[in-house]
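Visitor: What follows is a structure written as structure tokens; I'll ask about it next.
The values are calculated or read from the model by the stated rules, or taken from the named source; none is laboratory data. Computed from a predicted structure; not experimentally measured. Don't worry about glycine lacking a Cβ; one is built from the backbone with ideal geometry, like all the others, and counts go over all protein chains shown.
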Amino acid sequence: MKLVLAFVLVLYAACCATATDIYSTDFNNYGQGALSGQLAWVGVGGSWAVSGSMNTPQIAANLIGPGVDSGVTPIGGSGLMTRICTEKFNAGRTKAWLDLANSGKWATASAGGNDVLETTVKLFIPSGQAVTSTFGVMISKSSFETSGGFVVSAQSGAISFLNGGYAIANRTATGVTVALNAWNEFSYRWNVVTGRGELRVNGASAATHQTTLFGSVYASNLFSTTDAAPGTLNAFGYFDDLAIRAVANSVPCPADISGDGQVNANDLASVLAGWGGPAGDLDGNGVTDGLDLSIILGGWGPCPN
């Protein structure tokens with residue numbers, strides 16, 4: 001009976017909750033210039049906030065049109081995009097975000113089982129940039145805690161996951177690389193309840209990971225890091241077609257916690273290690289218990305295609 005109940009709960013979370021859009025933009029509804037202070041919605045947290053210390057006269061997050069920067073063209077060849085500039089300090093970071101917590105946007109959108117924060121964005125990173133840097137999306141658990149996200153190397157196009165911070169020590173290589181000098185679409189899904197993240201690149205699932213900080217969400221940030229002393233140099237990444245939404249957990253093999261394509265001893269160990277807390281919770285009741293163990297045992301073996 002417990003096994004049946006567990007699978008019913010998992011199936012309900014996957015099929016019966018409805019995705020809820022929080023905010024989407026192609027940036028064409030804004031004016032050219034600084035993204036900071038531009039209005040996304042009326043009310044608490046409705047204006048874009050930007051953080052980063054720039055070399056003069058650079059702007060941390062700047063709305064630009066086609067042809068402003070040589071060789072860069074927005075999606076579709078028209079309209080605006082956001083140009084993120086790297087910081088002027090070694091190990092610095094630039095971020096632009098909307099407040100999903102204090103505005104109540106996340107609480108409203110996630111009601112009814114939509115526990116996954118999905119951030120979809122198109123990103124163009126020019127090659128040949130002198131500053132060792134990365135660009136991507138960073139998920140903030142609170143105003144000062146980084147949970148997860150991903151970054152793309154401006155030197156190689158290699159993608160890494162973030163976990164608990166954005167420093168090099170907090171990154172894990174995914175083994176996936178994208179082309180520079182091209183627009184690529186990224187969709188990062190992060191389960192706020194369990195901390196499990198999945199990255200899709202250009203429509204295909206690329207990698208999954210498990211974050212150590214989870215349980216709430218403050219913001220999804222357009223993001224860059226500086227990994228070497230830049231001096232007076234700057235690096236740039238270009239963001240377009242951003243969508244933030246709350247969706248149901250639709251992982252086709254929910255018991256595969258490790259993301260290796262099968263349910264095995266690794267996943268069993270994760271459940272046992274998280275016993276009594278939320279880390280190994282698979283059925284969404286907020287605690288790792290016998291129901292989650294039943295899901296592991298019931299799904300034992302290769303995940304279905």
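Visitor: Just checking, does segment 216-234 include any residue being aromatic (Phe, Trp, Tyr) and under 25 Å from Trp106 (Cβ atoms)?
Guide: The answer is yes; a qualifying residue exists.
Visitor: Does Val152 satisfy being within 17 Å of the chain's Cα centre (by Cα), over 24 Å from Leu213 (Cβ atoms) and at pLDDT 95 or above?
Guide: Here the answer is no, as Val152 does not meet what is asked.
Visitor: Which one of the conditions (1) more than 30 Å from Pro278 (Cα to Cα); (2) in contact with an Asp or Glu (Cβ under 9 Å, 6 or more places away or on another chain); (3) surrounded by 21 or more Cβ atoms within 10 Å (Cβ to Cβ) does Ala154 fail to meet, given that it meets all the rest?
Guide: (2)
Visitor: Test Gly195 against the stated conditions and say whether it is in the same structural domain as Met54 (by TED's automatic domain parsing) and either within 30 Å of Asn90 (Cβ to Cβ) or surrounded by fewer than 22 Cβ atoms within 10 Å (Cβ to Cβ) (or both).
Guide: yes
Visitor: State whether one or more residues within segment 224-237 are in a strand (DSSP E or B), in contact with a Pro (Cβ under 9 Å, 6 or more places away or on another chain), on the phi < 0 side of the Ramachandran plot and assigned by TED's automatic domain parsing to the domain that holds Ala40.
Guide: Yes, that holds for at least one residue.
Visitor: For segment 110-148, how many residues are closer than 25 Å to Trp41 by Cβ and part of a loop (DSSP other than H, G, I, E, B)?
Guide: Within segment 110-148, residues that are closer than 25 Å to Trp41 by Cβ and part of a loop (DSSP other than H, G, I, E, B) number 10.
Visitor: Go through (1) charged (D, E, K, R); (2) within 21 Å of Met81 (Cβ to Cβ); (3) surrounded by 20 or more Cβ atoms within 10 Å (Cβ to Cβ) and name the single condition Arg245 misses.
Guide: With (1) charged (D, E, K, R); (2) within 21 Å of Met81 (Cβ to Cβ); (3) surrounded by 20 or more Cβ atoms within 10 Å (Cβ to Cβ) applied to Arg245, the lone miss is (3).
Visitor: Additional query: What do you reckon, is Ile168 within 15 Å of Arg93 (Cα to Cα) and surrounded by fewer than 21 Cβ atoms within 10 Å (Cβ to Cβ)?
Guide: So Ile168 fits the description; yes.
Visitor: Of all strands (runs of 3 or more DSSP E) completely enclosed by segment 1-109, which ones contain at least 1 residues that are modelled with pLDDT under 95 and in contact with a helix residue (DSSP H, G or I) (Cβ under 7 Å, 6 or more places away or on another chain)?
Guide: 20-25
Visitor: With respect to Arg200, is the statement that it is of a type in the set (Lys, Arg) and surrounded by fewer than 18 Cβ atoms within 10 Å (Cβ to Cβ) true?
Guide: yes
Visitor: From the residues in segment 257-272 that are surrounded by 17 or more Cβ atoms within 10 Å (Cβ to Cβ), among the aliphatic types (A, V, I, L, M) and modelled with pLDDT of 85 or more, which one is nearest to Thr194 (Cα to Cα)?
Guide: Looking at the filtered set, the residue picked out is Val271.
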